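S.K.: Let me give you the structure first, and then I'll get to my questions.
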Amino acid sequence: MSEGFSPERRPRRAAFVIAAGLAGLAALILVDAAGLKQDGGYAGVGPADVPRIVAYGLLGLAVMTVVSGLRGDLPRPPRQAPAPVLWILGGLVAQLALLHVVGFVISGALLFGMTARGFGQRPLWKAVAVGLVLSLVIYGVFDRLLKLNLPGGPLELLIFRG
Amino acid sequence: MESFSLLMQGLSTALDPVILLYALIGVTLGTAVGVLPGIGPALTVALLLPVTYGLDPAGSLIMFAGIYYGGMYGGSTTSILLNTPGESASIVTAIEGNQMARQGRGGPALATAAIGSFVAGLIATLLLAFLAPQVVKLALTLGPREYFALMVLAFVTVSATFGDSSLRGLTSLFIGLALACVGIDGLTGAARLTYGVPQLMDGIETTTLAVALFAIGEALAVAAIREPPDGMHRVRGSVKMTGEDWRRSWKAWLRGTFIGFPIGSMPAGGADVASFLSYAAERKLTKHPEEFGKGAIEGVAGPEAANNAAAAGTLVPLLTLGLPTTATAAIMLAGFQQFGLQPGPLLFVMNAELVWGLIASLLIANVMLVVLNLPLIGLWIKLLSIPRPWLYGGILLFATLGTIGVNASPVELGMLILFGVMGYGMRLYGYPVAPVVVGLILGPMAEQQLRRALAIAQGDWTTLVSTPVSATLLGISAVFLVVPMLMRLRGRGQVLSQVAGDAD
């Protein structure tokens, strides 16, 4: 949740970064569209045309974002604390990397624990322990009862199939 | 009377004990999750979608309907007791409701919200049942160009009309449209924007995007701010409303319903617009103007009713035209699509039993909610006091569960993280997230209709404005795009930004 307009009207660097991102996205689309076979049929509009229209729209929006950035017309976010964000992202990346190695329960426990740590819960091992119990319950309910196919690891084998 | 007999048939489907159980589970889960601070109906629906994967289509959609109504309901509890509403549509409820709670009148505030939601839900669902067959008849006469024009209108209202900047709203929409291009082109089978990654062939999952933007983006934004959370207000005394409360509430409920339903059923903004207008109407009509801003019960009763009536109203374009007008509706559309069902006029013909069972279940879910919520209010309040580390840990675990359950590939989880970071950035700089979700799901549909219309007209673009209906719809879209821009230029934009919400 961000604050409203800031009364300051200095140029905003963030607006230029956003505009660059939009232009980059447009470039990705245009490069891809150039490689598509143009097959418009009766419509005269093929698979590459709508992406092109979207890309031109993005370019136009990028230009307007630069203009509004020069006028300082972008909300100014409050000071951000980087550590909690990194804890949560770390938890997500850990889950992504470990999911197929240690299974849903352990990787989920890590995600839970690191997120809780990001929100100020200490010590980390206690948060992970709570996460372990919770993800065991979720695995039991969703994989066993609701037939969702969650990747299992050694722990799941031990508890649910052993 | 055709609707009536169909509705009766639907009721006989919905009264099946197993289906009743599904509706009950849906309503309970929806309320429980919707009550959690920071979780609006869109996220409730996205988080709970995996719960329904294993069921048959009828059971799943009916549970889903319960989740939707329950989520709407739960949000009002949060906004009355905490001053951080979980859903944008409840922001208005929070103005008066929170004041009432501060004065120890939280009980009657919760009661008028609950009963008002019930009254509005009941009337609006009946209106939906009687209106839907008419709209279906109308919809069958529409061709591709009219559908395209309708979708353009939905794009404009969801992105540019409300909020504090058309530029940022349109930017969000175009990001959604760009993401919508990823995958196999529906008409020619060409693979677009996949860059050789096979997992991208199927396109980007709506639920992955919605969960990432709403849950992960929100969690990151909340974690980074670290402001002390607002204290919760104890509910003292009874939840009973006095005679005076009833007298002041019932007219507000009815007015709210009749403001909310039409707004919800037109592609013109969602529940947040409706509740805002209802609040404005109540403030104008009240006999107690001095109480407004200090806890006027009409200010809770009207907007809550409008909010729920609009939620039922959005089902009209969703079910009859396949047109989602809010992020919540977009996720519900994804719920239909997982079973290969495409909402629209044909659904009423091909799956009549399912549609009418669904509508009847909404009526039943509504009754369940009022029966469940008044006695269980103490339990929901306990949910509000879950410490934030556990709450957000659980939200993230659930958020990834849905993605892992459908497709446990690293690419899918990577997209979840990427869009989560994008959602965080968008929150920081005031970009609304709902247009991205609507753009993603509506983009390919609009493209198909456009290309079909052009194919019929042999590539003549003037075909888009060649019928009165399509020309009028595109004209209204242009007005909705330009007028708000002029209003903002003249410094009258505050009204529009107040109406805006990012959770709906």
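The values are calculated or read from the model by the stated rules, or taken from the named source; none is laboratory data. As the structure is a prediction and not an experimental result, all values here were calculated from the model. So basically every Cβ, Gly included, is an ideal-geometry build from the backbone, and we count neighbours across all protein chains shown.
S.K.: One residue is enough: does the range B:94-101 have a residue meeting the conditions modelled with pLDDT under 85, over 26 Å from residue B:162 (Cβ atoms), in a helix (DSSP H, G or I) and within 17 Å of the chain's Cα centre (by Cα)?
M.R.: No, every residue in the range B:94-101 fails to be modelled with pLDDT under 85, over 26 Å from residue B:162 (Cβ atoms), in a helix (DSSP H, G or I) and within 17 Å of the chain's Cα centre (by Cα).
S.K.: So in the range B:138-169, with the set limited to residues that are without any contact (Cβ under 8 Å) to a residue 40 or more places away in the chain and assigned to a helix (DSSP H, G or I), which one is surrounded by the most Cβ atoms within 10 Å (Cβ to Cβ)?
M.R.: Ranking the candidates gives B:167 first.
S.K.: Just one of B:59, B:26 is within 14 Å of chain A (Cβ to nearest Cβ), touching a helix residue (DSSP H, G or I) at 6+ places or on another chain (Cβ under 7 Å), in a helix (DSSP H, G or I) and surrounded by fewer than 24 Cβ atoms within 10 Å (Cβ to Cβ); which is it?
M.R.: B:59 is the lone residue from the list that is within 14 Å of chain A (Cβ to nearest Cβ), touching a helix residue (DSSP H, G or I) at 6+ places or on another chain (Cβ under 7 Å), in a helix (DSSP H, G or I) and surrounded by fewer than 24 Cβ atoms within 10 Å (Cβ to Cβ).
S.K.: Just to verify a result, which residue in the range B:197-229, among those that are away from chain A (no Cβ under 11 Å) and outside any helix (DSSP H, G or I), is nearest to residue B:429 (Cα to Cα)?
M.R.: Once the filter is applied, the top-ranked residue is B:228.
S.K.: Hey, another quick one. Give me the residue from the range B:414-434 that is modelled with pLDDT of 90 or more and within 21 Å of residue B:337 (Cα to Cα) and, out of that set, farthest from the other protein chains (Cβ to nearest Cβ).
M.R.: Among residues in the range B:414-434 that are modelled with pLDDT of 90 or more and within 21 Å of residue B:337 (Cα to Cα), the one farthest from the other protein chains (Cβ to nearest Cβ) is B:415.
S.K.: Out of curiosity, is residue A:91 touching a residue at least 24 places away in the same chain (Cβ under 8 Å), in contact with a Ser or Thr (Cβ under 6 Å, 6 or more places away or on another chain) and assigned to a helix (DSSP H, G or I)?
M.R.: Considered against the rule, which asks whether it is touching a residue at least 24 places away in the same chain (Cβ under 8 Å), in contact with a Ser or Thr (Cβ under 6 Å, 6 or more places away or on another chain) and assigned to a helix (DSSP H, G or I), residue A:91 comes out as yes.
S.K.: Residue B:58 versus (1) under 23 Å from residue B:132 (Cβ atoms); (2) modelled with pLDDT of 85 or more; (3) in contact with a Leu (Cβ under 9 Å, 6 or more places away or on another chain): which is the lone unmet condition?
M.R.: Going through the list (1) under 23 Å from residue B:132 (Cβ atoms); (2) modelled with pLDDT of 85 or more; (3) in contact with a Leu (Cβ under 9 Å, 6 or more places away or on another chain), residue B:58 breaks only (2).
S.K.: Within the range A:88-98, take every residue that is surrounded by 24 or more Cβ atoms within 10 Å (Cβ to Cβ) and either of a type outside the set (S, T, N, Q) or more than 8 Å from chain B (Cβ to nearest Cβ) (or both) and give me the one that is nearest to residue B:387 (Cα to Cα).
M.R.: The initial filter retains those residues of the range A:88-98 that are surrounded by 24 or more Cβ atoms within 10 Å (Cβ to Cβ), namely A:88, A:91-92, A:95.
In the following step, the residues that additionally are either of a type outside the set (S, T, N, Q) or more than 8 Å from chain B (Cβ to nearest Cβ) (or both) were identified as A:88, A:91-92.
Values: A:88: 17, A:91: 19, A:92: 21 Å.
Only one residue fits best here, namely A:88.
S.K.: When you check residue B:439 against the structure, is it surrounded by fewer than 24 Cβ atoms within 10 Å (Cβ to Cβ) and either of a type outside the set (Asp, Glu) or without any contact (Cβ under 8 Å) to a residue 24 or more places away in the chain (or both), yes or no? Spell out how you get there, then give the answer.
M.R.: Values: surrounded by fewer than 24 Cβ atoms within 10 Å (Cβ to Cβ): no; either of a type outside the set (Asp, Glu) or without any contact (Cβ under 8 Å) to a residue 24 or more places away in the chain (or both): yes.
Judged against the criteria, residue B:439 is not a match.
S.K.: Would you pick out the residues in the range B:426-442 that are in a helix (DSSP H, G or I) and within 20 Å of the chain's Cα centre (by Cα)?
M.R.: Of everything in the range B:426-442, those that are in a helix (DSSP H, G or I) and within 20 Å of the chain's Cα centre (by Cα) turn out to be B:426, B:427, B:434, B:435, B:436, B:437, B:438, B:439, B:440, B:441, B:442.
S.K.: Now for a different question. Within the range B:264-283, which residues are in a helix (DSSP H, G or I) and either touching a Pro at 6+ places or on another chain (Cβ under 8 Å) or surrounded by 24 or more Cβ atoms within 10 Å (Cβ to Cβ) (or both)?
M.R.: B:264, B:265, B:271, B:272, B:273, B:274, B:275, B:276, B:278, B:279, B:282, B:283 - these are the residues of the range B:264-283 that are in a helix (DSSP H, G or I) and either touching a Pro at 6+ places or on another chain (Cβ under 8 Å) or surrounded by 24 or more Cβ atoms within 10 Å (Cβ to Cβ) (or both).
S.K.: Let me ask something else. Scan A:136, A:110, A:148, A:124 and give me the residue that is under 24 Å from residue B:54 (Cα atoms), of a type in the set (A, V, I, L, M) and in contact with a Gly (Cβ under 7 Å, 6 or more places away or on another chain). Lay out the reasoning, then the answer.
M.R.: Numbers: A:136 fails: in contact with a Gly (Cβ under 7 Å, 6 or more places away or on another chain); A:110 fails: under 24 Å from residue B:54 (Cα atoms); A:124 fails: under 24 Å from residue B:54 (Cα atoms).
Going through A:136, A:110, A:148, A:124 in turn, the sole match is A:148.
S.K.: For residues that are part of a helix (DSSP H, G or I) and among the small types (Gly, Ala, Ser), scanning just the range B:452-491, find the one that is farthest from residue B:168 (Cα to Cα). Outline the logic, then answer.
M.R.: Going through the range B:452-491, the residues part of a helix (DSSP H, G or I) turn out to be B:452-456, B:461-465, B:468-489.
In the following step, the residues that additionally are among the small types (Gly, Ala, Ser) were identified as B:453, B:455, B:470-471, B:475, B:477-478.
Details: B:453: 30, B:455: 33, B:470: 27, B:471: 27, B:475: 22, B:477: 18, B:478: 17 Å.
Step by step, filter the range B:452-491, then rank; the result is B:455.
S.K.: Given A:96, A:61, A:74, which one is at pLDDT 95 or above and either farther than 27 Å from residue A:151 by Cα or among the hydrophobic types (A, V, I, L, M, F, W, C) (or both)?
M.R.: A:61
S.K.: Another one. With respect to residue B:301, determine if the residue is touching a Lys or Arg at 6+ places or on another chain (Cβ under 9 Å) and over 30 Å from residue B:177 (Cα atoms).
M.R.: It is true that residue B:301 is touching a Lys or Arg at 6+ places or on another chain (Cβ under 9 Å) and over 30 Å from residue B:177 (Cα atoms).
S.K.: Separate question: Please find, among A:86, A:148, A:110, A:134, the residue that is closer than 30 Å to residue B:63 by Cα and either in a helix (DSSP H, G or I) or touching a Lys or Arg at 6+ places or on another chain (Cβ under 8 Å) (or both). It would help to see each step written out before you state the result.
M.R.: Values: A:86 fails: closer than 30 Å to residue B:63 by Cα; A:148 fails: either in a helix (DSSP H, G or I) or touching a Lys or Arg at 6+ places or on another chain (Cβ under 8 Å) (or both); A:110 fails: closer than 30 Å to residue B:63 by Cα.
Exactly one of A:86, A:148, A:110, A:134 is closer than 30 Å to residue B:63 by Cα and either in a helix (DSSP H, G or I) or touching a Lys or Arg at 6+ places or on another chain (Cβ under 8 Å) (or both), namely A:134.
S.K.: Output yes when any residue across the range B:119-129 is touching a helix residue (DSSP H, G or I) at 6+ places or on another chain (Cβ under 6 Å), buried (at least 24 other Cβ atoms within 10 Å of the Cβ), free of Cβ contacts under 8 Å to residues at least 60 places away in the same chain and not in a loop (DSSP other than H, G, I, E, B), and no when none is.
M.R.: There is no residue in the range B:119-129 that is touching a helix residue (DSSP H, G or I) at 6+ places or on another chain (Cβ under 6 Å), buried (at least 24 other Cβ atoms within 10 Å of the Cβ), free of Cβ contacts under 8 Å to residues at least 60 places away in the same chain and not in a loop (DSSP other than H, G, I, E, B).
S.K.: Let me ask another. Specify the residue that is surrounded by the most Cβ atoms within 10 Å (Cβ to Cβ); the eligible residues are those in the range B:408-425 that are in a helix (DSSP H, G or I) and among the aliphatic types (A, V, I, L, M).
M.R.: As a first pass, look at the range B:408-425 and keep what is in a helix (DSSP H, G or I): B:410-425.
Then keep just the ones that are among the aliphatic types (A, V, I, L, M); that gives B:411, B:413, B:415-418, B:421-422.
Working: B:411: 13, B:413: 21, B:415: 21, B:416: 25, B:417: 18, B:418: 12, B:421: 17, B:422: 21.
Going through the qualifying residues, I end up with B:416.
S.K.: Just for the range A:29-41: of the residues that are assigned to a helix (DSSP H, G or I) and facing chain B (nearest Cβ under 7 Å), which one is modelled with the highest pLDDT?
M.R.: Filtering the range A:29-41 down to residues assigned to a helix (DSSP H, G or I) leaves A:29-34, A:41.
Adding the requirement that they be facing chain B (nearest Cβ under 7 Å) leaves A:29, A:32, A:41.
Values: A:29: 93, A:32: 89, A:41: 71.
Among residues in the range A:29-41 that are assigned to a helix (DSSP H, G or I) and facing chain B (nearest Cβ under 7 Å), the one modelled with the highest pLDDT is A:29.
S.K.: Is it the case that the range B:385-407 has a residue that's assigned to a loop (DSSP other than H, G, I, E, B), more than 20 Å from the chain's Cα centre (by Cα) and facing chain A (nearest Cβ under 7 Å)?
M.R.: Applying the first criterion (assigned to a loop (DSSP other than H, G, I, E, B)) to the range B:385-407 yields B:385-387, B:407.
Remaining after also requiring more than 20 Å from the chain's Cα centre (by Cα): B:385-387, B:407.
Imposing the further condition that a residue be facing chain A (nearest Cβ under 7 Å) reduces the set to none.
There is no residue in the range B:385-407 that is assigned to a loop (DSSP other than H, G, I, E, B), more than 20 Å from the chain's Cα centre (by Cα) and facing chain A (nearest Cβ under 7 Å).
Conditions (1) more than 9 Å from chain B (Cβ to nearest Cβ); (2) surrounded by fewer than 21 Cβ atoms within 10 Å (Cβ to Cβ); (3) under 26 Å from the mean Cα position of the chain (by Cα); (4) of a type in the set (A, V, I, L, M), marked per residue:
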residue: A:108; (1), (2), (3), (4): no, no, yes, no
residue: A:123; (1), (2), (3), (4): yes, yes, no, no
residue: A:127; (1), (2), (3), (4): no, no, yes, yes
residue: A:131; (1), (2), (3), (4): no, no, yes, no
residue: A:139; (1), (2), (3), (4): yes, no, yes, no
residue: A:147; (1), (2), (3), (4): no, yes, no, no
residue: A:159; (1), (2), (3), (4): yes, yes, no, yes
